Amino acid sequence: MSRLFEPWDLGPLHLANRIVIAPMCQYSADEGSAGDWHQIHLGHLALSGAGLMILEATAVSPEGRISPKDLGLYSDANEAALARVLQSVRAHSPIKLGIQISHAGRKGSSRLPWEGGSQILPHEPGGWKTLAPSAVPHLEGEDPPQALTARDLQRVREDFVAAARRAARLGFDGIELHAAHGYLLHQFLSPLANQRSDAYGGSLEGRMRFPLEVFEAMRAALPERMPLWVRVSATDWVPGGWDAEGTLAFARELKARGCAGMHVSTGGLSPAQKIPLGPGYQVPFAQRVRAETGMPTMAVGLITDPAQAEAIVAQGEADAVALARGMLYNPRWPWHAAAQLGASVNAPPQYWRCQPPQFKGLFEGWRFGQR
């Protein structure tokens, strides 16, 4: 029996297997609202057979977007547009749906990746003044962000809570709070970005304070049946930055506050990062969080081979594996993994006839008659 295809409970959420589609920004929204591209993209991936699909980083406010084309959940129009997409997805797939709630902080007001990704200055069309823990730009020479005041912090907390409530109304199965990849909550955690001298900076306790307050406020606003977990960058890959020891402390604090799990990534905060890319290069961080804190973990990062994914779960390095780029390249990755590992996977009946004869039983409920 494949461990990768065993059911898994992420808090109160029961998943059919341990394959997760990681959130991937599409930069295709209109004023934060999902459109036809999201319907095609998410509908396509929903047929993959994965146990959980997490929607892309979804901004809690207009200034919380990475780019002017980012998905948002800060208005009634955003909520209504996403409801239409979700209705279509749910009509044809039993996949569980999560959404990643985010604020870009100083990495906001950016051009689209295929347009270079550089900062859009506040006075330029589509640009805005970014917000951050401290007035420290992401890249040297960029327009520095505005340091958040105490009143700003309260407003941003409320924005996270409002987005969480919208997600609950939309019927998402769970929420991922984004505290990774150099965005706002990660900026608070890292001493490279957080140079505050008040209660929200300085010591590890101070730097964790705002992310933990946001988590607590969101958790209190959500129904108990709805799990809330956190994505974290376990290290900045920069000396003197956020590191594994801080991540373990953060995980313990989150666990005490009812966090359902941790999606363990790395990097994204500093252009000085030195990342040792290689297959499964982030898995040891997920393994350490799981072993030393008891927090359920999802491992992500250059996990591309079914045997590799199977070993990660079977050896207890993580509870689940998440794929992003690999799923874009091969949207039927779970089908192929199930065939290789001798498991079965959910697939729509319209596609059952594609099952190769040597993999009879690959699709759950296969009943396609011959005539």
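The values are calculated or read from the model by the stated rules, or taken from the named source; none is laboratory data. Here the structure is a predicted model, which is why all the values come from computation and not from measurement. Glycine also receives a Cβ, built like all others from the backbone with ideal geometry; neighbour counts cover every protein chain displayed. Accessible surface areas use protein heavy atoms only, side chains included; no ligands, DNA or RNA. Shrake-Rupley method; radii C 1.70, N 1.55, O 1.52, S 1.80 Å.
Suppose all protein chains stay in the model; what accessible area per residue would a 1.4 Å probe give for the chain, in Å²? Display every interim value, and only then the final one.
Details: 15290 Å² over 371 residues.
Per-residue accessible area for the chain comes out at 41 Å².
Exceeding 30 Å between C-alpha atoms, which entries from my cross-link table qualify? They are 129/255; 96/360; 107/274; 96/129.
Working: 129/255 34 Å; 96/360 25 Å; 107/274 19 Å; 96/129 36 Å.
Those over the limit are 129/255; 96/129.
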### Query
Name the trypsin sites (Lys or Arg not before Pro) in region 238-343 that are in a loop by DSSP and that have at most 10 other C-beta atoms within 10 Å, would you?
274
#### Entry: DSSP-loop GluC sites (Glu not before Pro) across region 153-242, with at most 14 other Cβ within 10 angstrom
224
## Note on the structure
For residue 1 and residue 128, extending 7 Å from Cα along the Cα-Cβ vector and measuring point to point gives, in nm, a value of 4.9 nm
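Using a 1.4 angstrom probe with every protein chain in place, what is the largest-first accessible-area order of 285, 210? Present the calculation step by step, with values, prior to reporting the outcome.
On the way: 285 45, 210 0 Å².
Largest to smallest exposure gives the sequence 285, 210.
Per DSSP H run of at least 4 residues, take -39500 (n - 2.57); add these up for the chain, divide by its residues and hand me the 222 nm value, nearest 500 deg cm²/dmol.
On the way: 10 runs with 119 residues, N = 371.
That calculation yields -10000 deg cm²/dmol at 222 nm.
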### Message
As an exercise, use a Förster radius of 51 Å and the Cβ-Cβ distance of residue 340 and residue 197 to find the FRET efficiency, rounded to the nearest 0.05.
### Response
0.40
## Note on the structure
Reduced to Cα centres, the span from region 308-333 to region 202-216 in Å works out to 31 Å
### Query
Using 0.36 nm per residue, how much length does the chain from residue 30 to residue 115 gain when fully extended, once their Cα-Cα distance is taken away?
28.9 nm
### Message
Just to be sure I follow: if Rg is taken over the C-alpha atoms of the chain and Rh is the Kirkwood radius over the same atoms, what is Rg/Rh?
### Response
0.97
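For the chain, what is the percent of antiparallel DSSP beta bridges, rounded to the nearest 5?
The antiparallel proportion sits near 10 percent.
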### Task
Could you pull out every residue, at least 5 positions away or on a different chain, whose amide H is within less than 5 Å of the one on residue 363? Hs are placed 1.01 Å off N in the peptide plane, and Pro or chain starts have none.
345
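Explain nothing, just the number: relative contact order of the chain, from Cα pairs under 8 Å at least 6 residues apart, as a whole percent. Let's see the in-between values first.
Numbers: 805 pairs, mean separation 60.0, N = 371.
It rounds to 16 percent for the chain.
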